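This report concerns only the one structure given below.
The values are calculated or read from the model by the stated rules, or taken from the named source; none is laboratory data. Everything numeric here is computed off the predicted structure, so don't read it as measured data. Cβ placement follows ideal geometry from the backbone for every residue including glycine, while neighbour counts extend to all protein chains displayed. Ligands, DNA and RNA are excluded from the accessible area calculation, which covers all protein heavy atoms including side chains. Shrake-Rupley method; radii C 1.70, N 1.55, O 1.52, S 1.80 Å.
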Amino acid sequence: MSRKKLIAGNWKMYKVKDDALEFIYRVNLDVPSKDAVDTVICAPAIYLRDLVKREGENLRIGAQNMHYLEEGAYTGEISPNMIKTVGVTYVILGHSERRAYYNETDETVNLKVKAAIAHQLIPIVCVGESLEIREAGTTDAVVREQVIKAYKDVSKEDALKTVVAYEPIWAIGTGKTATPTQANDTIKAIRGVLRELYNDAADEIRILYGGSVNVKNVEALLSESDIDGALVGGASLDPEAFLFLANAAVDK
Ligand code: PGA
């Protein structure tokens, strides 16, 4: 089963507007064709419209979060409809930083996954364990629970429209990457959970690895059987590094 690779940048709360525009201009010049690899930059919400206007043929723009409701008295929040109408393609959901600092739970992630699908946005559903859990040897069980809850009441047809990102919390922004084997093993376990839920459709759902992916380790990670791309924080801030990662994923 060949799944097209996806390289997703997650800018988090970095880059002022001029830097963001310059990055997109630079990357558009050399980003590989979307026939060979999917690429997306998930940018701060305030620039989404400006970036979508400049996204070109191959590079797509995504959001980093959204509310699950259409509208309401939720100061500071952004609805699925709002981000859809500016033209973004992807939305990161359930990132561990949102789970840790902004009360994101498996239940809200599930509501957001369903809202994203209803608005034809592609959710990148993040799951992953803490160092404590990794050391206790219960990673697979914890990640299984996160996947089952995120996909509650999501049909097979809709699950096929999603992407999963496995991001061990201890590897995010720490320079500590999971070894390719560790990452691949957990991703296989996640695919096993998707198989329980959706049978063979599990083989068509892309599962990314995230956590200190960089120009040095990307080749080894993408050579693994079940790693279908990367969700990249730090290394996605530099256009040359992002292009390197995207090229590394071509025809993998
Ligand atoms: P990192 O971030 O690549 O800087 O570790 C990954 C992420 O949080 O998505």
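Does the range 9-18 include one or more residues that are within 16 Å of the ligand (Cβ to nearest atom), touching a residue at least 12 places away in the same chain (Cβ under 8 Å), at negative phi and among the aromatic types (Phe, Trp, Tyr)?
Yes: the range 9-18 contains one or more residues that are within 16 Å of the ligand (Cβ to nearest atom), touching a residue at least 12 places away in the same chain (Cβ under 8 Å), at negative phi and among the aromatic types (Phe, Trp, Tyr).
Does Glu70 satisfy being away from the ligand (no atom under 16 Å from the Cβ) and part of a helix (DSSP H, G or I)?
no
Filter the range 61-102 down to residues that are touching a Ser or Thr at 6+ places or on another chain (Cβ under 7 Å) and of a type in the set (Asp, Glu), then give me how many there are.
2
Can you spot a residue in the range 49-60 that is more than 16 Å from the ligand (Cβ to nearest atom), assigned to a loop (DSSP other than H, G, I, E, B), open to solvent by less than 20 Å² (accessible area, probe 1.4 Å) and in contact with a helix residue (DSSP H, G or I) (Cβ under 7 Å, 6 or more places away or on another chain)?
For the range 49-60, residues more than 16 Å from the ligand (Cβ to nearest atom), assigned to a loop (DSSP other than H, G, I, E, B), open to solvent by less than 20 Å² (accessible area, probe 1.4 Å) and in contact with a helix residue (DSSP H, G or I) (Cβ under 7 Å, 6 or more places away or on another chain): absent.
If we scan the range 206-218, do we find a residue that is open to solvent by 10 Å² or more (accessible area, probe 1.4 Å), within 12 Å of the ligand (Cβ to nearest atom) and under 20 Å from Ile122 (Cα atoms)?
Within the range 206-218, not a single residue is open to solvent by 10 Å² or more (accessible area, probe 1.4 Å), within 12 Å of the ligand (Cβ to nearest atom) and under 20 Å from Ile122 (Cα atoms).
Just one of (1) under 20 Å from Leu194 (Cα atoms); (2) in contact (Cβ under 8 Å) with a residue 24 or more places away in the chain; (3) among the aliphatic types (A, V, I, L, M) trips up Ala141, so point out which.
(2)
When Asp30 is evaluated against the numbered criteria (1) within 28 Å of Leu222 (Cα to Cα); (2) touching a helix residue (DSSP H, G or I) at 6+ places or on another chain (Cβ under 7 Å); (3) buried (at least 19 other Cβ atoms within 10 Å of the Cβ); (4) among the charged types (D, E, K, R), which criterion, by number, is the only one it fails?
(3) is the only condition that Asp30 fails.
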